[in-house]
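Single-structure report; data block below.
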Amino acid sequence: MNDFPSISTLMTIAIGAIFINNFVLSRFLGICPFIGVSRSIAPSVGMGMAVIFVMTLAGFVTFYVNYLLVLAGVGFLQTVAFILVIAALVQFVEMFLQKFNPTLYSALGIYLPLITTNCAVLGVALLNIKEGYSIIEVLVFSFSAAIGFALALVIMAGIRERLEITDVPKAMEGAPIAFIVGGILSLAFMGFSGMKF
């Protein structure tokens, strides 16, 4: 648990989480905010920052929560405990933004509380345990997975902003064109799966 991993191991984890196994475009986790918040870049960047904060902190806290659960012999409560931790962190972020950045708080609207149910955050906590990462690897993986989530969100927002000024057929406006663009982005990110380290 206290072994310090090599830099190459950490780089492999980071690049894998951002590009090769991107949570949105490869694992298909967090699709709700990906489609809902990606209409323009400004809220997407805010949502990405909020997810980076929550996901990294959730990875760190759930690592030690899992350690305590295993020590107490109640490891089967892992998922319930992780959901409670994530919900508490989201409430903290929501109160912080409401107090210090009300514009961003209003722009994020209903999507900020939805981070609680964002399966990408729970997914990163569970994958950290499944992979048997040390605390340093947990921090790198959680932060990198959140960067990958934010990257996908901002790219999608940029494309959807451009689509607003193009002539999209009426039947394809809104969700249909968003899903097609998301599918093409997913195919583009599949190209990273051939990377060798």
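Assorted remarks:
- Scanning the stretch 106-153 for residues that are open to solvent by less than 40 Å² (accessible area, probe 1.4 Å), over 23 Å from residue 41 (Cα atoms) and outside any helix (DSSP H, G or I) yields a single hit, 134.
- Residue 166 fulfils the conditions (1) more than 27 Å from residue 49 (Cβ to Cβ); (2) assigned to a helix (DSSP H, G or I); (3) open to solvent by less than 80 Å² (accessible area, probe 1.4 Å); (4) not aromatic (Phe, Trp, Tyr) except for a single criterion, (2).
- Taking the criterion of being open to solvent by 30 Å² or more (accessible area, probe 1.4 Å), touching a helix residue (DSSP H, G or I) at 6+ places or on another chain (Cβ under 7 Å) and not aromatic (Phe, Trp, Tyr), the residues of the stretch 95-105 that qualify are 98, 104.
- If you go through the stretch 31-42 and pick out every residue that is surrounded by 22 or more Cβ atoms within 10 Å (Cβ to Cβ) and either without any contact (Cβ under 8 Å) to a residue 40 or more places away in the chain or outside any loop (DSSP other than H, G, I, E, B) (or both), you end up with 2.
- Residues that are among the β-branched types (Val, Ile, Thr) and without any contact (Cβ under 8 Å) to a residue 24 or more places away in the chain, drawn from the stretch 1-30: 7
- Qualifying residue in the stretch 73-82 (condition: at pLDDT 90 or above, within 30 Å of residue 9 (Cβ to Cβ) and crowded, with 20+ Cβ neighbours inside 10 Å): yes
The values are calculated or read from the model by the stated rules, or taken from the named source; none is laboratory data. Since the model is a prediction, treat every value here as computed from it, not as a measurement. Using ideal geometry, Cβ is built from the backbone for each residue, glycine included, and neighbour counts are taken over all protein chains shown. Accessible surface areas use protein heavy atoms only, side chains included; no ligands, DNA or RNA. Shrake-Rupley method; radii C 1.70, N 1.55, O 1.52, S 1.80 Å.
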